[in-house]
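The values are calculated or read from the model by the stated rules, or taken from the named source; none is laboratory data. Nothing here was measured: the structure is a model prediction, and the numbers come from that model. As a convention, Cβ positions derive from the backbone with ideal geometry for all residues, glycine included, and neighbour counts pool all protein chains shown.
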Amino acid sequence: MKSFSTQNDKRIILIIGAGSKAAEAIGRVLAMSHGKYTIYWLTSGISKYIVPDGKTIFQGDFTNRKEIKDICLQLQPDMIINTAAYTDVDKSEIERQKAWQVNVIGVENLVAICRLTDAHLLHFSTDYIFDGEHGPYSETDKPNPLGYYAKTKMAGENACIGGNIDYTIIRTNVLYGATNALKQDFVMWTLKKLADGKRFSVVNDQYSNPTLIDDIGCLVDKIVRTRAKGIFHAGGSDWVSRYDFARMIAKIFREDESLLSPMTTEDLRQAAPRPLRGGVIPYKAETTFGMKFSGIESGLLTMRRQLQIAGHHEWTL
C-alpha cells in the first residue's frame with residue numbers, strides 16, 4: 001500500500017467535481033485540518049463554486065483518459081475523491097451514452113490511474129442501486145437497480161470493486177445543505193416553490209433519509225485520515241417521505257405549510273422508475289468512525305443558520 005506523499009508533509013488530494021454540493025462541504029471540512037492536506041480541484045466546466053484561497057482548480061474532463069492521466073501524473077495525488085456524476089435520473093433514459101460516459105467511463109479512468117499511481121479512490125454512489133422494495137438498506141443488502149441511471153451507478157461501483165485498487169465507496173441519498181452559490185437541492189427547490197406562494201404537490205410515497213452535506217464532509221475527513229476501505233452508507237437519522245420532508249422545510253424556514261399537497265409517484269409519470277422505499281442505514285459508518293448523522297430538524301437548522309451567516313436573508317427571515 002502506498003504511503004501518503006510528503007509535499008511539505010502534506011497529503012495530496014484531488015477532488016473531482018469541484019462544483020458539486022458534496023465537494024464544497026468536503027472542502028470546508030478538510031480546510032480545517034491545520035494544513036495537513038494539499039487539495040486540488042477538477043471541474044469539467046466553469047464552476048460557480050469559489051475555491052478557497054490558496055487552492056488550485058483545474059478545468060478538465062475526467063472522462064478523457066489522457067487528459068485526467070496527464071493531470072494526475074503531474075499532481076501525484078495520494079487520494080482521488082470523485083463527487084462528479086451525471087445525476088438526471090429521467091434524462092439518463094434518453095441520454096444513455098452521456099450518463100454512461102460520466103458514471104462509468106469516467107470512473108474506469110480514475111480506477112486505471114489509481115492502479116498506475118497507487119492512489120486511493122473515494123467514490124460516491126447512491127441508494128438508487130437498490131429497488132426500493134425493502135429500504136432503508138445496509139451495505140450487505142443486494143443491489144437491484146431499476147432505471148438506467150441506477151444501472152450506470154452500479155457499473156461505476158463494480159469498476160471500483162474489481163479494479164485491484166484501494167477504494168472506498170460512499171452510498172448516500174438526498175443531499176442538502178448550504179453552499180456559496182445556493183446550488184439546487186430538494187430544500188432549495190422547496191423553498192423557491194414556497195416563496196412563489198402557490199400551491200404545489202410533493203410525492204408522499206418516496207422514502208429516504210435526507211443527508212446534510214456537512215456530515216458528508218465529516219465522514220470523508222475521517223476516511224482520509226484513516227484510509228478506511230470498503231463500502232459505507234451515509235444518510236440522515238430520519239427516514240421520511242419527500243412530502244413530510246417538505247413539510248419540515250416549511251416549518252423550519254417559517255414558510256406556509258398549507259401550500260403543500262401530497263401526490264403519488266405514479267401521478268408524475270416520470271420516464272425513469274424510482275425506488276420508493278429507499279434510503280440507507282449509516283450504522284457501519286457511525287460505529288466505525290464514532291460519528292452521528294444529523295436528523296432533519298437539526299440539519300435544516302444548521303442549513304438555515306449557515307444561510308443567515310452567508311447573508312442569504314431572503315431564505316431566513
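Taking the range 273-285 only, how many residues are part of a loop (DSSP other than H, G, I, E, B) and either without any contact (Cβ under 8 Å) to a residue 40 or more places away in the chain or among the small types (Gly, Ala, Ser) (or both)?
In the first step, residues of the range 273-285 are kept if they are part of a loop (DSSP other than H, G, I, E, B); the result is 273-276, 278-279, 281-282.
Add one more test, that the residue is either without any contact (Cβ under 8 Å) to a residue 40 or more places away in the chain or among the small types (Gly, Ala, Ser) (or both), and what stays is 278-279.
Residues in the range 273-285 being part of a loop (DSSP other than H, G, I, E, B) and either without any contact (Cβ under 8 Å) to a residue 40 or more places away in the chain or among the small types (Gly, Ala, Ser) (or both): 2 in total.
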Response to the item:
Subset of the range 111-121, residues of a type in the set (Gly, Ala, Ser), surrounded by fewer than 23 Cβ atoms within 10 Å (Cβ to Cβ) and not in a helix (DSSP H, G or I), comes to none
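Using the structure shown, decide if Glu314 is surrounded by fewer than 16 Cβ atoms within 10 Å (Cβ to Cβ), over 28 Å from Glu93 (Cα atoms) and not basic (Lys, Arg).
Details: surrounded by fewer than 16 Cβ atoms within 10 Å (Cβ to Cβ): yes; over 28 Å from Glu93 (Cα atoms): yes; not basic (Lys, Arg): yes.
Considered against the rule, which asks whether it is surrounded by fewer than 16 Cβ atoms within 10 Å (Cβ to Cβ), over 28 Å from Glu93 (Cα atoms) and not basic (Lys, Arg), Glu314 comes out as yes.
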Worksheet item: Tell me, which residue of the range 53-90 that is part of a helix (DSSP H, G or I) and in contact with a helix residue (DSSP H, G or I) (Cβ under 8 Å, 6 or more places away or on another chain) is surrounded by the fewest Cβ atoms within 10 Å (Cβ to Cβ)?
Response: Leu73
Worksheet, complete the sentence: When every residue in the range 268-294 that is surrounded by 17 or more Cβ atoms within 10 Å (Cβ to Cβ) and of a type in the set (Gly, Ala, Ser) is compared, the one farthest from Trp239 (Cα to Cα) is Ala272
Worksheet entry | Enumeration of residues in the range 91-110 that are crowded, with 24+ Cβ neighbours inside 10 Å and under 24 Å from Asp166 (Cα atoms) | Asn103, Gly106, Val107, Leu110
Worksheet entry | Tally of residues being modelled with pLDDT of 95 or more, buried (at least 22 other Cβ atoms within 10 Å of the Cβ) and not aliphatic (A, V, I, L, M) across the range 170-205 | 6
Fill in: Count of the range 286-317 residues which are more than 18 Å from Val220 (Cβ to Cβ) and in a loop (DSSP other than H, G, I, E, B)
6
Practice prompt. Residues that are within 17 Å of Ala25 (Cβ to Cβ) and in contact (Cβ under 8 Å) with a residue 24 or more places away in the chain: find the strands (runs of 3 or more DSSP E) completely inside the range 171-272 holding 2 or more of those.
Written response: 230-234
